[in-house]
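Read through the structure below, which is laid out as structure tokens, and then see the notes.
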Amino acid sequence: MYKVFVYGTLKKGGSNHYFLRSSKFIKKQTLKDHSIFAPSGYGFPLLLKDKGGKVHGELYEVDDITLMSLDMLESEGYLYHRIHDKELGFQYYLYNDTGYSRIDKKKDKIKDGIWKV
């Protein structure tokens with residue numbers, strides 16, 4: 001089993017929450033030194049490292065099959081990288097910012113760190 005932090009469409013009420021239908025909700029969780037961004041035309045948030053930022057989400061316990069499904073949804077290794085933070089004790093999906101995206105880090109930042117589902 002794996003602990004996974006979710007912050008966007010996978011949260012309760014989100015359009016992709018059904019991927020977690022067989023997973024155990026653990027608790028609400030805050031990820032520090034990261035922020036989420038919502039560029040125009042994207043229907044999902046992008047998580048990036050951001051000193052002093054906070055992202056509010058949910059922590060789930062998932063099995064191997066669910067983790068593989070999440071990897072496919074998040075295009076793990078391409079669009080996102082799954083980060084296993086041993087210090088925090090959970091994994092999360094970090095946007096692979098190659099510099100080609102249309103992120104305006106001032107305008108697109110969700111300042112309160114909460115993706116509205």
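Readers should treat all values here as calculations from the given coordinates under stated rules, not as data from a laboratory. Bear in mind that the values here come from a model prediction, so they are computed numbers and not experimental data. Counting neighbours? That spans all protein chains shown, and the Cβs are built from the backbone with ideal geometry, glycine included.
With each label modelled as a point 7 angstrom along the Cα→C-beta vector, the Ile83-Lys49 pair spans 0.7 nm.
Exposed loop sites are taken as chymotrypsin sites (Phe, Trp or Tyr not before Pro) in a DSSP loop (any state but H, G, I, E or B) with at most 12 other beta carbon atoms within 10 Å; the longest stretch of the chain without one runs 1-77.
The angle separating the long axis of helix 64-73 from the principal Cα axis of greatest extent in the chain is about 20 degrees.
Note on Lys32/Arg102: beta-carbon distance plugged into 1/(1 + (r/R0)^6) with R0 of 25 Å gives a FRET efficiency of 0.45. When Ile83, Ile65, Ile103 are arranged by Cβ crowding within 10 Å, least crowded first, meaning fewest neighbours, the order is Ile65, Ile83, Ile103. Both radii come from the Cα set of the chain: Rg as radius of gyration, Rh as Kirkwood radius; their ratio Rg/Rh reads 0.93.
Close amide H contacts of Asp50 (hydrogens built in the peptide plane, cut-off under 5 Å, sequence separation of 5 or more or a different chain): His34, Ser35.
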